[in-house]
1. Mind listing whichever residues of the stretch 68-83 are modelled with pLDDT of 85 or more and surrounded by fewer than 10 Cβ atoms within 10 Å (Cβ to Cβ)?
2. For the stretch 49-67, does any single residue satisfy the condition of being loosely packed, with under 10 Cβ neighbours inside 10 Å and modelled with pLDDT under 80?
3. Restricting to the stretch 64-85, give me the number of residues that are out of contact with any Lys or Arg (no Cβ under 9 Å at 6 or more places or on another chain) and more than 15 Å from residue 22 (Cβ to Cβ).
4. I need every pair where a residue in the stretch 59-77 that is more than 22 Å from residue 45 (Cα to Cα) has its Cβ under 8 Å from the Cβ of a residue that is loosely packed, with under 11 Cβ neighbours inside 10 Å, sequence separation at least 6 or different chains.
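The values are calculated or read from the model by the stated rules, or taken from the named source; none is laboratory data. Nothing here was measured: the structure is a model prediction, and the numbers come from that model. Don't worry about glycine lacking a Cβ; one is built from the backbone with ideal geometry, like all the others, and counts go over all protein chains shown.
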Amino acid sequence: MQQFSFLNHGVHVYFILFFFHTGSAVVTLEAKDHDARTTPGGKVKYRFRTGSVDDFVIDSDTGQVTIADNAQLNYVTRPHYNITV
């Protein structure tokens with residue numbers, strides 16, 4: 001079993017400003033593989049596990065989370081989103 005630890009672990013809150021548009025970066029996650037010898041190139045791959053995955057996109061190589069092209073974010077009708085990576 002691989003062991004990973006996020007350098008910024010735990011629950012994090014990120015704010016998306018009302019003028020952000022599709023493709024805007026929300027956050028870039030960073031993780032470290034403690035067992036890099038058994039992982040090809042020691043690289044960590046990112047993916048969404050649960051949450052608002054239709055509204056956001058994650059780059060599996062860089063960990064950058066962006067607003068999806070088809071997202072229709074609306075603070076009035078949905079003031080928050082929960083995502084597990």
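1. Once the filter is applied, which keeps residues that are modelled with pLDDT of 85 or more and surrounded by fewer than 10 Cβ atoms within 10 Å (Cβ to Cβ), the stretch 68-83 yields 69, 70, 77.
2. no
3. Step one: of the stretch 64-85, the residues out of contact with any Lys or Arg (no Cβ under 9 Å at 6 or more places or on another chain) are 64-82.
Those left that are additionally more than 15 Å from residue 22 (Cβ to Cβ): 75-80, 82.
Number satisfying all stated conditions: 7.
4. Going by the 8 Å Cβ cut-off, the qualifying pairs are 75/18.
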